[in-house]
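Derivation of every value follows stated rules applied to the coordinates shown; laboratory data play no part. No experiment lies behind these values; they were computed from the predicted model shown. Neighbour counts run over all protein chains shown; Cβ positions are idealised from the backbone, glycine included.
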Amino acid sequence: MNTLSVKRIIAIAVSHLVILSVNALTLAEEVKPSPAQQSAAALDKILDDLAQLDPKVLSDRLLALQGESGRLQKENNELRAKIARNDQELSKLGVQVGLLDALVKARAMMSPTTQPATTAKKPPAPAKPAAKPEAAPAAAAQKPAPPAPAKVEAPAPPSKDVVVNFQDHILPLVNERCASCHKPDKSKAELVLTTYEGAMKGSENGAVIVKGNPAESLLFKVINHEEEPHMPPKQGKLDTDKLELIKRWIAAGAPADAKAATPAAEPKKQAANDPAETPAGS
């Protein structure tokens, strides 16, 4: 067999192989599923998977999705209503802005910015001279100061043979040193000393005068600085003669007036710390 015959045989074999390959590819294309068939298969698989799930789970999931859908729909409706309201407000504001803009422009046109050249400026009015203060009379400058009020002194203490009573001897002393805090319209501790009845009634804590016994009388103790609070406050202790006067009044039975006063025995000897003088004959 010559060379030419071998080549022809090889060429024929290659041609058959090509034809067989083409036929095989064509057959493979025919067997491959179409896209529609693939989608149907995928859907079938999904349905099979869903069929294997619990029906209650599917029902709950459906209700949840429906609720979420309803909520979103409600929000969407509310937003649309709000947008509609905003559009209405925006339209009203636009009208108001237009009116105000026209008004501003109209006022600007009506108000001239410059004065006419023929208008002459008025000269400023001359300032009035300041009035000179009138000289004060010489007599007024030398007006004497008013005299100081005369000091009212308490009456002199009565003699030893006079029975001290509230009306004539104690009340003037009360008005001088005690009335500012112990009067009917201002009674500290509810103690009124400007009346005989109030002094006998005492304070909110009880009686302050023990008739015939100054040493046991709270009133005498506080003014004699034997007990606190010391009286009168912030004024210093009473003079010795005034303390002696109050002591004599209490020792005599604290009479209201001269009619009620009767001679009494001399008061008991005072304590060592009493600054008042001891009456004669005791």
Which far-off residues, 5 or more places away or on another chain, put their amide H under 5 Å from the one on Ser203, with H placed in the peptide plane?
Val208
For the peptides 199-206, 175-182, 212-219, what is the packing order when you average, over each peptide's residues, the other Cβ atoms within 10 Å and list the highest mean first?
212-219, 175-182, 199-206
Among the listed pairs Lys188/Lys234; Lys160/Lys221; Lys160/Lys183; Lys211/Lys234; Lys183/Lys211; Lys183/Lys237, give every one whose C-alpha distance is greater than 18 Å.
Lys160/Lys221; Lys160/Lys183; Lys211/Lys234; Lys183/Lys211; Lys183/Lys237
Given 10 °C and 1.306 mPa s, compute D for the range 166-251 with the Stokes-Einstein relation, Rh being the Kirkwood radius over Cα pairs; round to the nearest whole µm²/s.
124 µm²/s
Can you order the peptides 229-235, 14-20, 186-192 by their average number of other Cβ atoms within 10 Å per residue, highest first?
186-192, 229-235, 14-20
